[in-house]
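Heads up: the structure comes next, in structure tokens.
The values are calculated or read from the model by the stated rules, or taken from the named source; none is laboratory data. From a predicted model like this one, the values you see are computed outputs, not experimental measurements. With ideal geometry, Cβ positions are generated from the backbone for all residues, glycine too; neighbour counts draw on all protein chains shown.
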């Protein structure tokens with residue numbers, strides 16, 4: 001199991017940052033480099049507890065689909081999405097939010113596992129962790145930029 005942890009400081013109210021983080025539309029904007037689109041389940045607006053979304057995107061030159069579900073939800077402090085089906089063996093993405101004065105501290109904890117046993121573990125260490133970190137940082141940049149307008 002691999003884990004990525006990121007912290008982003010955003011000069012905006014916690015409620016705004018929380019809602020932007022669960023926006024299907026803003027997610028698609030932040031992942032436009034992969035052609036990511038919501039194709040089933042919740043396909044626009046704000047996703048909430050128990051809702052699913054199926055994404056289609058091109059990663060490593062291959063079109064892939066992934067379905068995730070919001071399994072925990074405590075507005076505006078936390079939401080968690082977990083993979084139901086897709087290329088990973090598993091993933092769990094915790095989104096934590098803390099108000100600090102006029103700022104919001106947004107923390108991501110993204111745990112994932114690739115299939116294929118030891119080969120998947122090697123792929124995680126050599127390629128996938130860096131690739132996913134870059135995607136998450138870009139997503140967080142877009143959230144920050146939008147929230148601070």
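Name the single residue that is nearest to the chain's Cα centre (by Cα) among those in region 32-68 being crowded, with 18+ Cβ neighbours inside 10 Å and under 16 Å from residue 80 (Cβ atoms). Across region 32-68, the extreme among qualifying residues is 68. Quick one: in region 111-130, of everything that is surrounded by 14 or more Cβ atoms within 10 Å (Cβ to Cβ) and under 20 Å from residue 58 (Cα atoms), which residue is modelled with the lowest pLDDT? So, considering only residues that are surrounded by 14 or more Cβ atoms within 10 Å (Cβ to Cβ) and under 20 Å from residue 58 (Cα atoms), the one modelled with the lowest pLDDT is 120.
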